[in-house]
Amino acid sequence: MTTVLADSRLIFERYARQTLRSRISLIFGLMQPMLFLGLFGPLLEDVPLGREGDSWQILVPGLLIQLGLFSAAFAGFGILIEKQLGIVERMRVTPVSRTALLLGRVLRDVAMLLVQSLVLVLAGVAFGLRAPVLGVLIGFVFVAVLALSLASLSYAFAMRVNSAQEFAPVINSINLPAMLLSGILLPMALAPAWLDVVSHFVPFRYLVDGVRAAFVGDYGDGSLALGALASALLAAVSLTLGTRLFRTAGA
């Protein structure tokens with residue numbers, strides 16, 4: 001375990017330095033949620049949202065999950081390039097743990113998403129978001145767990161395919177309905193009954209509802225507990241499956 005942790009730290013530091021040298025990836029990763037924040041958020045200000053909170057307490061938590069959903073799910077693109085350049089194979093023949101090769105990359109993605117999430121929340125505050133500090137911190141925890149889960153699966157899947165042409169269509173086909181059914185932009189309580197029922201089979205819905213409950217300070221709400229449970233289950237399944245696939249790929 002000590003070796004895995006030390007190796008994971010080594011890999012994390014390598015990719016963290018790489019990310020800092022390419023700040024454009026951080027900026028463009030924020031572009032879509034920031035556009036939603038600036039162009040879609042004002043449209044919700046006069047929309048009756050019931051007891052869900054004001055427009056910014058609805059939109060910003062959803063955009064945090066969207067940020068994690070899209071950024072982490074596409075993390076595998078990087079490893080596709082490294083496979084083509086032979087970097088992955090050279091790293092896999094070193095004494096570094098294969099598990100650490102995955103965890104180090106994933107931890108870099110988590111750190112990057114937390115920085116982007118902080119910027120997004122600060123921008124939300126400038127637009128009018130008011131949320132308790134504890135609620136925002138809980139939201140960051142949800143984003144971190146989501147990034148950990150999806151990045152693990154993304155890297156593992158990328159190790160199983162040979163090109164971006166195979167990778168991208170699969171990720172897009174999963175991400176788009178997941179985003180629409182999780183209620184990222186509007187609460188699913190506003191949807192028709194049949195669509196609301198279908199959305200309960202999408203785990204990301206529980207994360208969105210949980211973060212929204214935290215942003216209004218409703219810590220005793222069942223939505224927060226369900227979100228935490230969904231996050232824990234998603235992380236357990238994703239890390240187990242992702243680590244197994246990553247370790248055996250190419251073996």
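The values are calculated or read from the model by the stated rules, or taken from the named source; none is laboratory data. On a predicted model such as this, the values are computed, not experimentally measured, just so you know. Counting neighbours? That spans all protein chains shown, and the Cβs are built from the backbone with ideal geometry, glycine included.
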**OP:** Starting from the stretch 123-142, keep only residues that are under 17 Å from P42 (Cα atoms) and in contact (Cβ under 8 Å) with a residue 60 or more places away in the chain, then list their pairs with residues that are outside any helix (DSSP H, G or I) and among the small types (G, A, S) whose Cβ atoms are within a distance under 9 Å, requiring at least 6 positions of separation or different chains.
**Re:** G124/A131
Original post:
Can you name the condition, by its number, that L207 falls short on among (1) of a type outside the set (S, T, Y); (2) free of Cβ contacts under 8 Å to residues at least 60 places away in the same chain; (3) closer than 18 Å to G135 by Cα?
Top reply: (2)
**OP:** Output the number of residues of the stretch 39-59 satisfying the condition of being at pLDDT 70 or above and touching a Pro at 6+ places or on another chain (Cβ under 9 Å).
**Re:** 2
**OP:** Quick one: in the stretch 202-251, of everything that is surrounded by fewer than 16 Cβ atoms within 10 Å (Cβ to Cβ) and polar (S, T, N, Q), which residue is farthest from the chain's Cα centre (by Cα)?
**Re:** T248
Original post:
When you go through D196, D209 one by one, which is the residue that is at pLDDT 90 or above and in contact with a helix residue (DSSP H, G or I) (Cβ under 9 Å, 6 or more places away or on another chain)?
Top reply: D209
Subject >> Filtered residues of the stretch 219-246 (kept if without any contact (Cβ under 8 Å) to a residue 40 or more places away in the chain, farther than 30 Å from T99 by Cα, in contact with a helix residue (DSSP H, G or I) (Cβ under 7 Å, 6 or more places away or on another chain) and of a type outside the set (S, T, Y)) >> reply: D221
